[in-house]
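Input: a single structure, listed below in structure tokens.
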Amino acid sequence: MALTPDLLLAERGLDELEQIEARALVWGLVDNALDTSEVDDALRHVLAEERNLELRRDPACSIATPRDLREHLVGLGMLFEVPGPTAGDAFWRTRMAEGVRLIARLRQLFPQHAGDARWASAPTLVADYRFLRRARRYPERDQDRHAVMAVISAAVKNPDLQSAVSHWLQQLPPNAGMSRFQVDAAERILRGLDDGTRTGTLVSAGTGSGKTLAFYLPALAWLAQRRVATPNARAVRVLALYPRNELLKDQLAEVYEQCRKFDDWIGERGGSALRVGVLYGETPRFMKSAFKQPGWRASATESVCPFFSCPGCGGEMSVRAEDVDREVERLVCRTCGESVPSDRLAFTRKAMSENPPDILFTSVEMLNRHLSNPDMRHVFGVGPIATERPALS
Ligand SMILES: [Zn+2]
């Protein structure tokens, strides 16, 4: 994907500002800020660079002056106006410098630090840091579906598993591909699932580069194959553990959508669709408890779900009182009316306990708490009524 001229200029402007800030940050000076003339001089220099003159002639380019570029960076959330040493003047930090400052200055507050300015004497959360700036890099998506399939077919023997991966790949847009690290991770995870060897795989890449897919493509293709091979089994086979609930919610929606890409494939082979479960503090015990569960927004007729939005339109979804009365377990979109039934998304503890989902999104804290809970531990593959243990987590 090519960046627009405005975005390319923004990236180059950001590089220039970060380079200036880095000189202070490597010495541990985190409270520095650039004044407006320093920012604008640096951006003027970027705009005058030979390689950027052509970009600026592009009719799609809306940036003409250093001020335009500065305002564009602010709009993108890459540059922030911050309080400076002298009142009345504007001072600036990029998100990089502001991020480093926040990490270095973050404090742990205990009861003795309550009131007035006593917080300032609290210990910092991060004792020390080293700062190293490297150029931004994005993994290239240069592995087309044939290249990916060649790697997977060589690693995986089960024809259904190969077919499930291929089915997912066929749904990629015509010119889209995968990154090499995604293919390598998928190959390694699938190979382990296929031949039964238990290994750990660590995938490390920058934010937004596609780590999620590197795990979920092999996990979901394997789940789809298991759905067909053992249509009556009900067990959590993949455990998705998150340290923070915000991240959990974010990825839940993405993985729910990825699951739907296997619906046809499983359906044609007589299996039932992949089912995702979500278990954390805001998961109600029953449908009815959603009306008094913390995090949910209840009225007389419905209670709005805090962790799942409509896959169709992105609108809010709710449990409706009439569904509780009729014992229909589902979420319904408040905007377009689309419904997500419990056999696709298990969102109550009861639904999960009675019929464990294929893949469970939960937190480390929940795992710790429920491993010893006689009513829930079978969901994690532990205890007398558990039928199988998760193969992937
Ligand atoms: Zn909707």
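How would Ile359, Ile20, Ile103 line up from fewest to most surrounding beta-carbon atoms within 10 angstrom? Don't jump to the answer; show the numbers that get you there.
Values: Ile359 25, Ile20 16, Ile103 13.
Ordered from fewest to most neighbouring Cβ atoms within 10 Å, Ile359, Ile20, Ile103 come out as Ile103, Ile20, Ile359.
Less than 12 Å apart at the alpha-carbon level, and either on another chain or at least 8 residues along: which aspartates and glutamates does that give for Lys211?
Asp184
Would you mind giving the three semi-axes, in whole Å and largest first, of the ellipsoid equivalent to the stretch 5-121 according to its Cα gyration tensor?
Over the Cα atoms of the stretch 5-121, the semi-axes work out to 34, 13, 13 Å.
Based on the Cβ-Cβ distance of Asp41 and Ala150, what FRET efficiency does E = 1/(1 + (r/R0)^6) give at R0 = 51 Å, to the nearest 0.05?
0.45
Leaving out same-chain residues fewer than 8 places away, which lysines sit with a Cα under 24 Å from that of Lys157?
Lys261
Between 0 and 90 degrees, rounded to the nearest ten: what's the tilt of helix 66-75 against the longest Cα principal axis of the chain?
Here the helix axis deviates by roughly 30 degrees.
For the Cα atoms of the chain, what angle does the longest principal axis make with the long axis of helix 36-48, in degrees from 0 to 90, nearest 10?
The helix 36-48 is inclined about 80 degrees to the chain.
Let me know the volume per residue of the alpha-carbon convex hull for the stretch 141-189, in Å³.
Cα convex hull per residue, to the nearest whole number: 61 Å³.
Fewest first, what order do His378, His45 take by the number of other Cβ atoms within 10 Å?
Ascending Cβ contact count within 10 Å gives the list His45, His378.
So what's the gap between the Cα centers of the stretch 53-115 and the stretch 346-389, to the nearest angstrom?
Distance between centres, Cα-based: 44 Å.
Provide the convex hull volume over Cα atoms per residue for the stretch 214-268, in Å³.
83
Quick one: putting +1 on the C-beta of Lys and Arg, -1 on the C-beta of Asp and Glu, what dipole do you get for the stretch 5-121 around its Cα centre, in Debye to the nearest 20?
480
Among Met149, Met366, rank each residue by its count of other Cβ atoms within 10 Å, from fewest to most, as a rough exposure measure.
Listing Met149, Met366 from fewest to most nearby Cβ atoms yields Met149, Met366.
In nm², what is the average projected area of the convex hull enclosing the Cα atoms of the stretch 143-225?
Values: hull surface 20.4 nm².
Across all orientations, the stretch 143-225 yields a mean hull projection of 5.1 nm².
For Lys288, go through the lysines and keep the ones whose alpha-carbon is under 26 Å away, minus same-chain ones fewer than eight residues off.
The reachable lysines, counting only those whose Cα sits under 26 Å from Lys288, are Lys249, Lys350.
At what distance in nm do the modelled label points of Thr86 and Gln19 sit from each other, each positioned 7 Å from its Cα along Cα→Cβ?
2.7
How large is the helix-only mean residue ellipticity at 222 nm for the chain, computed as the sum of -39500 (n - 2.57) over DSSP H runs with n ≥ 4, divided by its residue count, in deg cm²/dmol to the nearest 500?
Using -39500 (n - 2.57) per qualifying helix, the result is -12500 deg cm²/dmol.
Please report the antiparallel percentage of the DSSP beta bridges confined to the chain, to the nearest 5.
60
Provide the convex hull volume over Cα atoms per residue for the stretch 178-288, in Å³.
137
Indicate the gyration tensor shape class of the stretch 319-393 (rounded, prolate or oblate), computed on the Cα atoms with a ≥ b ≥ c the square roots of the eigenvalues: a/c under 1.5 is rounded; otherwise a/b larger than b/c is prolate and the rest oblate.
Prolate shape, in that a/c is at least 1.5 and a/b is the bigger ratio.
Hey, could you get me the Stokes-Einstein D for the stretch 230-393, Kirkwood radius over alpha-carbon pairs, 37 °C and 0.692 mPa s, rounded to whole µm² s⁻¹?
On the way: Rh = 16.1 Å.
The estimated diffusion coefficient comes to 204 µm²/s.
What size of dipole, in debye to the nearest 20, comes out for the chain about its Cα centre when the only charges are +1 on Lys and Arg C-beta atoms and -1 on Asp and Glu C-beta atoms? Don't skip to the answer; put the middle values down first.
Numbers: 51 positive and 52 negative charges, 286 e Å.
Charge dipole of the chain: 1380 debye, to the nearest 20.
Looking at Trp265, Leu53, Leu392, which one has the Cα that reaches farthest to the positive end of the dipole of the chain (charges on Cβ: Lys, Arg +1; Asp, Glu -1)?
Sorting the options by dipole projection puts first Leu392.
Quick one: work out the % antiparallel among DSSP beta bridges in the stretch 230-393, nearest 5.
Looking only at bridges with both residues in the stretch 230-393, the antiparallel portion is about 50 percent.
Can you give me the angle between helix 5-25 and the longest principal axis of the chain, using Cα atoms only, in degrees from 0 to 90, rounded to the nearest 10?
Result, in degrees: 70.
Please find, in a Gaussian network model of the chain (springs between Cα atoms separated by less than 10 Å), the residue of Ser121, Ser372, Ser179 whose mean-square fluctuation is greatest.
Ser121
Note down the Stokes-Einstein diffusion coefficient of the chain in µm²/s, whole number, using a Kirkwood radius over alpha carbon pairs, 20 °C, and 1.002 mPa s.
For the chosen part, D equals 87 µm²/s.
Values quoted throughout were computed directly from the atomic coordinates according to the rules given, and no laboratory measurement underlies them. This structure is a prediction, so every number in the text was calculated from the model and none was measured. Here Cβ is always computed from backbone atoms with ideal geometry, including for glycine, and neighbour counts include all displayed protein chains.
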